[in-house]
Amino acid sequence: MVMESSEEDDEYVAHEWITPQSSVSAAYQSHTEKGIRKLCSELLELKDAVENLCGNMQSKYLAFLRLHEEVVEVEHELINLQKNVSAQGILVQDLIRGVSRELETWKKLDPDCTKPDPVCLELTELLAKTTTDPKPSFLETLDGFIVEHRVEEALNLLETEEKENVQAAELFKRKELLEDQLVTIAQQSSLSIFELKKALSGLIKLDKPVLAHQLLLKAYGSKLQKRVESFIPSCSVYQETYPATLSQLVFSTISNAAKDSVSLFGDASSYTNRVVQWAEYEIETFVRLVKENSPLLETASALRSASVCIQASLSHCAILEKQQKVLKFSKVVLVLLTPYMEEILDLNFRRARRRVVEMGREGDPEVMLTSSAKVFMSVIKDNLDQLTPMAISHFGGIVLNKILQLFDRYVDILIKALPNTEDDSLVDSKEHLNFRAETDAQQLALIGAAYSVSDELLPVAVSQFFNLQSEKEGPGGGVNLEYKDWKRHLGHSLDRLRDHFCRQYVLNFVYSREGEARLDARMYLQGKGDDLFWDPEALPSYPFQALFGRLQQLASVAGDVLLGKEKVQKILLSRLTETVVMWLSDEQEFWDVFENDTVQLQPSGLQQLILDMRFIVEIAVCGRYSTRTIHQLVSAIIMHAIRAFSSKGIDPQSALPEDEWFVDTAKAAISKLVQGTSGSDMSDEHDEHIILHDDDDDDDEEEESDSEESTDSIPSLDESSCDSFASAVAGEIESPVYFTDPDESDQQP
């Protein structure tokens with residue numbers, strides 16, 4: 001392109017392919033100015049077009065107003081013309097009557113006139129017709145009322161005429177005109193209820209009650225729709241309470257429509273059924289609007305909104321039913337809202353489950369050890385606080401089951417945090433925890449948190465559910481759980497946690513020891529002689545002495561960590577003891593040693609095994625956490641051992657000393673071990689580490705501690721008040737413990 005150069009650019013003239021900067025600026029500046037000028041021109045044209053459009057609209061609007069005024073004037077002129085026509089008709093009739101009277105007078109004055117005058121004859125016929133048929137006058141008056149939109153006067157005139165004369169065919173068209181006028185009036189959106197009822201009464205007088213009833217329901221539906229449409233934009237502002245306002249609008253409209261229906265049409269079933277059908281349609285629309293304007297379903301606001309909806313709707317339904325018995329909409333509301341409420345509950349408890357899992361994933365020991373119960377309850381209360389009494393009454397059963405499932409997941413998290421020597425399948429692999437409770441104190445803290453939730457916090461949180469047990473249950477699943485059943489389900493979850501702790505504790509105790517401290521059946525094959533009875537230093541075997549120390553240590557830690565939860569301490573210690581005995585009873589490898597044909601058994605081995613079992617029982621009895629299960633399992637182990645040794649030629653009758661020897665030896669061993677660990681008088685140490693007091697008389701204690709005495713304190717182990725194994729068994733199991741095979745004893749003379 002060719003460009004002009006200034007004097008400053010003379011040095012670049014020789015290089016035509018170089019464009020000077022000034023030329024570039026001038027070129028682009030000119031293009032920019034042209035674009036701006038063109039844009040300004042277009043904007044000005046647009047402005048002129050808008051002004052012309054506004055002017056046209058204003059002129060057309062003014063023309064419309066003038067046309068409207070002219071129509072009104074023409075209407076008035078037509079009414080005046082109708083009045084003039086009616087007046088002229090009346091004058092003509094008066095004139096005819098006057099002429100007729102004159103003719104009658106002439107006829108009387110001229111009696112000789114025999115031939116009637118044609119004019120007189122025509123006037124006489126016209127007069128007779130006018131006199132005998134007053135219908136034209138009535139129709140003209142009626143037409144005047146119709147033209148003037150004097151509906152009420154026209155109706156009264158019709159009613160009067162129909163009472164005096166048989167309805168004529170001429171009235172049919174007039175009634176249609178009146179009907180159209182009344183329908184038009186009734187369909188006006190701005191019409192007041194009073195004017196609406198007047199129009200509908202007119203239709204009833206015209207023998208159109210069905211049409212009038214339809215218009216009544218349509219008018220109320222139209223008014224309701226307008227009120228709802230004006231309120232809908234506010235739903236996003238009042239997310240939790242908007243259903244209550246919508247419910248008020250809908251059910252108050254239904255109530256008013258039902259009242260007006262009865263006042264205008266009576267309580268005939270045909271009209272009542274139409275009201276019910278119309279009301280059900282409006283309720284369905286109401287529920288749809290509640291769903292469409294709901295917050296996110298997984299949020300607490302959505303749960304609160306749905307609960308408020310149920311509370312308000314069912315309360316209004318109860319009021320309607322008191323007003324008129326046939327207006328029963330509670331079931332309709334529940335059928336429509338139940339799937340919606342169930343979905344919200346499901347999503348909210350899924351969110352709660354994620355929060356519980358996240359608590360475990362965070363791996364904060366402080367949170368898990370000290371605040372896991374508080375975190376779990378905050379998750380629960382976040383949902384429970386959103387529920388209204390009506391929602392609890394009709395959906396309480398679902399909520400309680402969801403809480404049980406959530407507590408079960410909480411227990412899974414706690415189990416995952418405990419040591420696990422078996423497998424990690426209790427919780428999904430994606431729910432990996434960064435925290436492990438390694439010490440006894442940490443593990444007991446987690447167990448104590450679970451018991452606090454189950455026994456104290458959750459029952460208080462859901463107490464209102466069972467207080468509303470007597471409320472009417474709906475299809476959504478009312479509170480149909482008994483409190484005992486619900487607590488039993490919680491107990492099953494706690495059993496899983498407690499059993500996992502005890503199982504891992506025992507497995508760690510059994511398999512983590514080496515040498516003489518390892519629990520192995522072969523230690524009963526290494527007897528010191530034929531008779532342990534003559535050994536004044538007879539003690540339980542090393543593994544059970546170690547078990548005694550572990551139980552002592554655990555009791556001490558539990559006394560500090562589970563302070564104030566004596567019941568939980570006793571449950572744990574008793575179940576731990578049961579688990580040890582149960583492992584011995586079920587461990588087939590343990591018993592295979594005795595059944596090996598190459599093994600030589602000695603009486604001292606049987607005596608040692610029975611002493612170990614009596615030692616376990618005496619630990620539990622003196623620690624006041626003995627249970628029926630412990631006694632039964634120990635009895636079964638002793639019987640199993642007797643049979644095993646008897647099969648190898650050992651005579652139990654001659655090999656075993658009296659019961660009292662085992663009891664006394666076990667008690668003496670406990671005393672020696674306690675004194676040996678404390679280095680002083682054993683009474684204080686024993687009270688702290690072995691004896692657990694529980695003065696509360698709970699019905700559940702029967703299952704946990706059947707062999708407990710009723711005294712408030714336990715003396716030292718040297719005193720006779722510490723129950724012996726024999727006395728405990730005699731009082732707590734159905735059959736006594738035999739030191740010989742019952743079958744063999746029965747055969748003896």
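Couple of notes before you dig in:
- Residue list for the range 229-251, filter: touching a helix residue (DSSP H, G or I) at 6+ places or on another chain (Cβ under 6 Å) and over 19 Å from GLN386 (Cβ atoms): LEU249, VAL250, PHE251
- Subset tally (residues that are open to solvent by less than 60 Å² (accessible area, probe 1.4 Å) and either of a type in the set (Lys, Arg) or over 34 Å from the mean Cα position of the chain (by Cα) (or both)) for the range 266-286: 5
- Test: residue in the range 322-334 that is outside any helix (DSSP H, G or I) and basic (Lys, Arg): yes
- Single unsatisfied condition, LYS163 versus (1) assigned to a helix (DSSP H, G or I); (2) at pLDDT below 85; (3) touching a helix residue (DSSP H, G or I) at 6+ places or on another chain (Cβ under 8 Å); (4) open to solvent by 40 Å² or more (accessible area, probe 1.4 Å): (3)
- Selection status of LEU289, free of Cβ contacts under 8 Å to residues at least 60 places away in the same chain, under 22 Å from GLN225 (Cα atoms) and open to solvent by less than 40 Å² (accessible area, probe 1.4 Å): no
- SER261 fulfils the conditions (1) farther than 25 Å from VAL333 by Cβ; (2) hydroxyl-bearing (Ser, Thr, Tyr); (3) assigned to a helix (DSSP H, G or I) except for a single criterion, (1).
- Filter result for the condition that a residue is of a type outside the set (A, V, I, L, M, F, W, C), surrounded by fewer than 24 Cβ atoms within 10 Å (Cβ to Cβ) and either at pLDDT below 95 or farther than 21 Å from GLN588 by Cβ (or both), over SER646, SER626: SER646
- For SER255, the test of being closer than 30 Å to LEU303 by Cα and in a helix (DSSP H, G or I) is passed.
- Conditions (1) open to solvent by 20 Å² or more (accessible area, probe 1.4 Å); (2) within 23 Å of ASP664 (Cα to Cα); (3) at pLDDT below 85; number of the one not met by LEU532: (1)
- Looking across the range 597-649 at every residue that is part of a helix (DSSP H, G or I) and of a type in the set (S, T, N, Q), the one that is nearest to GLU660 (Cα to Cα) is identified as GLN607.
- Here the range 308-329 is the region considered, the condition is being of a type outside the set (A, V, I, L, M, F, W, C) and at pLDDT 95 or above, and the residue that is surrounded by the fewest Cβ atoms within 10 Å (Cβ to Cβ) is SER315.
- Here LYS672 fulfils each of the conditions (1) in a helix (DSSP H, G or I); (2) crowded, with 17+ Cβ neighbours inside 10 Å apart from (2).
- A count restricted to the range 236-258 and to residues that are of a type in the set (A, V, I, L, M), under 13 Å from TRP278 (Cα atoms) and open to solvent by 10 Å² or more (accessible area, probe 1.4 Å) stands at 0.
- VAL276 vs. criteria β-branched (Val, Ile, Thr) and over 16 Å from MET390 (Cβ atoms): yes
- Among the residues of the range 570-621, those identified as of a type in the set (S, T, N, Q) and open to solvent by 10 Å² or more (accessible area, probe 1.4 Å) are THR579, SER585, GLN588, ASN596, THR598, GLN600, GLN602, GLN608.
The values are calculated or read from the model by the stated rules, or taken from the named source; none is laboratory data. These numbers were taken from a predicted model, which means no experiment stands behind them. A quick note on method: Cβ atoms are made from the backbone with ideal geometry, for glycine too, and the neighbour counts reach across all protein chains shown. Each accessible area value is taken on the protein alone, full model and side chains, heavy atoms only, with ligands, DNA and RNA left out. Shrake-Rupley method; radii C 1.70, N 1.55, O 1.52, S 1.80 Å.
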